[in-house]
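The values are calculated or read from the model by the stated rules, or taken from the named source; none is laboratory data. Every value quoted in this text rests on a predicted model; they were computed, and no experiment measured them. Ideal geometry is used to build each Cβ from the backbone, glycine not excepted, and the neighbour counts take in all protein chains shown. For accessibility, only protein heavy atoms count, side chains too; no ligands or nucleic acids. Shrake-Rupley method; radii C 1.70, N 1.55, O 1.52, S 1.80 Å.
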Amino acid sequence: MKKKFFDRFADWAVCFTGSAGAFIGASLLVIVWAATGPMFKFSEVWQMVINTGTTIITFLMVFLIQKAQNKDSKAIQIKLNELIATHEQASDKIVDIEDLTEEELDELHKFYEKLGKLPKKKEKPSISHSVNERNKRYK
């Protein structure tokens, strides 16, 4: 499948901006800007150049980072869903938990914390670890 232009650009930009070369280039730019301060008598224009430049770059990078994070998150969710779907003892109710509310996720988190504190000797490795089975067994 052919990627759209923005997808290709976003992938390239995220890869580039996360590189050592980009960091070194940005650091050199700041050093050059600071070194030119005395030449421009540390004027407001001199200060505004770096402030405006960094603001614009930060603003644009927020969107690129979010795009990359959304893509990574979606890929991880698909991989996890595949693992859950193929494991016969897993609860399929966990597959789309990313759609739950924050309160529902907190409740599920507390359940699994409690589950982790249960004695391990009571169970055999072949016993299901699904939410439904554990609820029935440990209520």
Taking Cα pairs closer than 8 Å and at least 6 residues apart, the relative contact order of the chain in percent is 20
For the chain, the dipole about the Cα centre with charges only on Cβ (Lys and Arg +1, Asp and Glu -1), to the nearest 20 debye, works out at 560
GluC sites (Glu not before Pro) in the range 57-113 lying in a DSSP loop, each with at most 12 other Cβ atoms within 10 Å of its Cβ, come to GLU88
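Based on the Cβ-Cβ distance from PHE6 to GLN77, what FRET efficiency comes out when R0 is 22 Å, to the nearest 0.05?
On the way: r = 22 Å, r/R0 = 0.99.
For R0 = 22 Å, the calculated efficiency reads 0.50.
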With the charge dipole of the chain built from beta-carbon charges (+1 for Lys and Arg, -1 for Asp and Glu) about the Cα centre, the Cα from ILE50, ALA22, VAL95 projecting farthest to the positive end belongs to VAL95
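So which chymotrypsin sites (Phe, Trp or Tyr not before Pro) in the range 4-75 pass both tests, a DSSP loop state and at most 16 other Cβ atoms within 10 Å of the Cβ? Before the final figure, lay out each step's value.
On the way: sites: PHE5, PHE6, PHE9, TRP12, PHE16, PHE23, TRP33, PHE40, PHE42, TRP46, PHE59, PHE63; in loops: PHE40, PHE42.
Of the chymotrypsin sites (Phe, Trp or Tyr not before Pro), the ones in loops of the range 4-75 whose Cβ has at most 16 other Cβ atoms within 10 Å are PHE40, PHE42.
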Once MET48 and ALA22 are pulled to full extension, the length gained, defined as 0.36 nm per residue separation minus their Cα-Cα distance, is 7.2 nm
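Taking the solvent-accessible surface of protein heavy atoms with a 1.4 Å probe, what is the per residue accessible area of the chain in Å²?
Details: 11620 Å² over 139 residues.
Per residue, the chain has 84 Å² of solvent-accessible surface.
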Along the dipole axis of the range 42-125 (charges at Cβ: +1 for Lys and Arg, -1 for Asp and Glu; origin at the Cα centre), the most positive-end residue among THR86, HIS109, PHE59 is THR86
SASA check, LEU60, accessible area w/ 1.4 Å probe, all protein chains in place, rounded to nearest 10 Å², comes out at 100
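Any number yet on Rg/Rh for the range 1-73, C-alpha, Kirkwood?
Values: Rg = 16.0 Å, Rh = 14.2 Å.
Radius of gyration relative to Kirkwood radius: 1.12.
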Measuring from the longest principal axis of the C-alpha atoms of the chain, the long axis of helix 44-86 (C-alpha) lies at a number of degrees, nearest 10, equal to 20
On the accessible surface of the chain, probed at 1.4 Å with all protein chains in place, carbon and sulfur together account for a percent value of 66
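Per residue, how big is the convex hull around the C-alpha atoms of the chain? Give it to me in cubic angstrom, could you?
Values: hull volume 29.4 nm³, N = 139.
Dividing the Cα hull volume of the chain by its residues yields 212 Å³.
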Expressed in nanometres to one decimal, the distance between label points 7 Å along Cα→Cβ at GLU88 and LEU105 is 3.3
Measuring from its Cα centre, the range 19-101 shows a charge dipole (+1 at each Lys and Arg Cβ, -1 at each Asp and Glu Cβ) which, in debye to the nearest 20, is 500
